[in-house]
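To keep things clear, I will list the structure first and then write my remarks on it.
The values are calculated or read from the model by the stated rules, or taken from the named source; none is laboratory data. These numbers come from a predicted model, not from an experiment. Positions of Cβ are generated from backbone atoms using ideal geometry, with glycine treated the same way; all protein chains shown enter the neighbour counts. Keep in mind that these areas ignore ligands, DNA and RNA; they rest on the heavy atoms of the full protein, side chains included. Shrake-Rupley method; radii C 1.70, N 1.55, O 1.52, S 1.80 Å.
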Amino acid sequence: MSLVKLEDKGKWSLIVMRGPKLNALSREMRDELLSALRSAKPVTVLTGESAYCVGADVTSLSDIRKELEESFHPLLREIRSDRIVISVADKIVAGACLGMFLASDVRIASPGTRFVTGFQGIGLAPDTGVALFLRGYKGMKMAVLGGEFTAEEGEKRTY
């Protein structure tokens with residue numbers, strides 16, 4: 001079974017992340033997601049099957065710098081490219097996936113969806129654009145020191 005499903009919906013594409021562990025981004029999943037994004041239509045909806053995504057699968061990371069350069073950063077470049085990416089989140093969006101979600105052109109989250117930074121808990125600095133996209137004092141503080149907010153708080157920008 002593939003970890004990422006790409007569906008042609010006529011004028012737009014649907015990409016569904018279907019990985020184990022709430023779509024944790026293993027190297028295989030990042031590679032499949034990057035390939036799907038590169039093959040997708042100019043309007044693309046990105047979502048997850050069991051949840052949006054809990055971030056990097058840290059058990060699969062070997063050389064962090066290499067992983068960032070070869071897969072995480074290219075994923076962000078594809079999301080920020082000329083296409084329109086609509087991210088639809090449910091349940092949880094964490095770590096690197098928070099960067100992907102925030103980099104999207106349109107962001108939709110179901111009520112109660114939790115957004116978690118979490119980098120400090122595993123000894124990493126906020127990457128994948130999280131520090132850039134969580135602008136302002138509260139957002140930067142959360143990106144660096146950790147924390148979480150709900151979809152409702154994000155909509156009101158009370159985090």
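Details
- Matching residues in the range 55-74 - criterion: being surrounded by fewer than 18 Cβ atoms within 10 Å (Cβ to Cβ) and polar (S, T, N, Q): Thr59, Ser60, Ser62
- Checking Val85 against (1) at pLDDT 95 or above; (2) within 12 Å of the chain's Cα centre (by Cα); (3) under 25 Å from Gly147 (Cα atoms), the condition it does not meet: (3)
- Of all residues in the range 40-71 being closer than 15 Å to Met17 by Cα and either of a type in the set (A, V, I, L, M) or assigned to a helix (DSSP H, G or I) (or both), the one that is modelled with the lowest pLDDT: Ala56
- Some residue of the range 75-88 being over 24 Å from Gly154 (Cα atoms), open to solvent by 70 Å² or more (accessible area, probe 1.4 Å) and in a helix (DSSP H, G or I): no
- Output for the range 1-50, where each listed residue is touching a strand residue (DSSP E or B) at 6+ places or on another chain (Cβ under 8 Å), without any contact (Cβ under 8 Å) to a residue 40 or more places away in the chain, open to solvent by 50 Å² or more (accessible area, probe 1.4 Å) and aliphatic (A, V, I, L, M): Leu6
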